[in-house]
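Any read-out appearing in this document is the output of simple, stated calculations on the displayed coordinates, not a laboratory observation. Since we're looking at a predicted model, the values are computed, not measured. When we count neighbours, we look across all protein chains shown, and the Cβ atoms used for this are built from the backbone with ideal geometry, even at glycine.
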Amino acid sequence: MNLCYFDHNATTPLTSEASVAWLEATEQSWLNPSSPYRNAAAVRVRYEAARESLAAQLEIAPGRLVFTSGATEANNDVFRNWARQLSANTLVGVNPTEHPSVIEAAEVFLGRRVEWLKIKNDGRVDVELLGERVRSGQMAAVSVMAANNETGVLQPWQEIADICAEANIPYHCDASQWVGKMPLNGLSQCSYVTACAHKFGGPKGVGFIILPNEAGDFSILLGGTQEQSHRAGTEDVAGVLAMLAALELSKTQESSARDDFIKRIVVEIPGSIIVGHEAPRLWNTVSLILPRHRSMRWIRALEKLGFLISVGSACSTGKASVSATLLAMGIDPVAAGRALRISSGVNTKAEDWQALLRAMVVANSLLDSEASAEKSSVISLD
Ligand code: PLP
C-alpha cells in the first residue's frame, strides 16, 4: 500500500538533492579534513565553504557556527554550559512547552535554578511577564523555542531576543522546527540557536548550533580542536554538505490546504478542537483533539487506511504519558489523551489533505462501531 506521510515534524525523507550531495561527498571528500596532506586540505576547504555559506544565510560570522550531531546534542550542551558559566544564585527562564531535549537538560543541569515561564492558553509565552522577570534582574538566561514540534505554535522569539539583548543576558532559541520551514532572518539576534537537518529533508544525525560572539569556553565534546575547539571529533563533511543541499530547497509554504482541512474536520467530526488555533502556527502542523477514542486507536486505524500520523512528540512515542506540552497549555489530561499531531511536508498536496479528511471520517465511524461492539460484549459478559 502507498502510505501517505503526515509526520514531517518527526522527520522528513532525505531529498534527492541531499542524497546526491551526500553520496558525492562520501565518495570524493572522505578524507579526514584534519589530515596533514594537501588532498585533505581540499576537503577542509569544502567543509569551511559550507560553514561560510550557511553562516551567510543565517547572517552571522562563520565563527559563530558549530556543526553538531543534531538538536538534542546542541540543546543539552546549552544547559550543561550554562550550569557551569552562570552564577549559582540566578534563575534561568525556560518555556514549559519545549522539546524534551530542552526540558530534561534544564531539569538535570540546572535543577532548582529553572524558572518555568508562564504561557498563555494559546501556547505562547507571556512576553509581558517574561519582560518583567528579565528586567527584575534575577534571570541570567532564557530558553524559548521558535516553533513548537507538537502544536506548530510560533513563539514571539524575535521579541524575546530583543528583551534579552536589552538586559544583556543570553537567549537560547531551539529553532529545529523553524529552520527549513520559515525565513532565517532574525535568528542571528539570538545568542544561541539550535537546529537539525532531518526536519527539512537533510540527513539524520546532523545539525548546528549558533553560539554568541563571545562564546568563550563553550564546550560540546572534548578531545580535539575541531569546530574552533568547541566540539571535538572528526567532521561529518558529507552530512553537512547534504544538510546545505536540503536547506537550499526548503521553503515557506502556503497553508491553504491545511487550513481547509481544519475548517472541514471540525464540521465532519463535531467536537474536534484545534490546539493553539488562536496563535500563529507553522504552515504544516495541526494539533487536533478528537471528541472520542484515544490517540493510539486513531493512529492504528489511520495507518490501516494508509496514513501515517503522530501523537505528541515523536520522542515520546511508546511512552504511555500524555503530552507535557498540551498539559502546560492547560488542556485536560483526558482530552490530551485524544490528541493527534498531523504535519505535512513540502511535497504534500491539497489532494493528500482531502484524502486524510475522508480517511478520518471513515476511521471515526470504524472506531465508534468498535467501541459500541466492545461495550455490548462487556454488557453481555455482565
Ligand atoms: N527540538 C525540537 C523542537 C524537535 O522537534 C526535535 C526533534 O524532534 C529536537 C529538538 C531533537 O532533534 P534531533 O532529532 O536532531 O536530536
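Let me check against my output: what whole-number percent is the relative contact order of the chain, with C-alpha pairs under 8 Å and at least 6 apart?
Values: 703 pairs, mean separation 84.2, N = 382.
Relative contact order comes out at 22 percent.
Kindly provide the helix-only [θ] at 222 nm of the chain, computed as the sum of -39,500 (n - 2.57) over DSSP H runs of four or more divided by all residues, to the nearest 500 deg cm²/dmol? Before the final figure, lay out the partial values.
Details: 12 runs with 157 residues, N = 382.
Only helices count here, giving -13000 deg cm²/dmol.
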TODO: With label points built 7 Å along Cα→Cβ from the Cα atoms of V334 and W283, find their separation and express it in nm.
DONE: 4.0
TODO: Take every DSSP beta bridge with both residues inside the chain and express the antiparallel ones as a percent of the total, to the nearest 5.
DONE: 55
TODO: Apply the Karplus parameterisation 6.51 cos²θ - 1.76 cosθ + 1.60, with θ equal to phi minus 60°, to every residue of the stretch 179-184 and state each ³J(HN,Hα) to the nearest whole Hz, in sequence, with x for glycine and proline.
DONE: 4, x, 10, 10, x, 7
Task: Rh (Kirkwood; distinct C-alpha pairs) - the chain, Å - done: 22.1
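Remind me, relative contact order of the stretch 184-248 in percent, using alpha carbon pairs under 8 angstrom and six or more residues apart?
31
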Open item on the list: Based on alpha-carbon centroids, what's the gap between the stretch 218-249 and the stretch 1-29 in Å, whole number please?
Closed with: 19
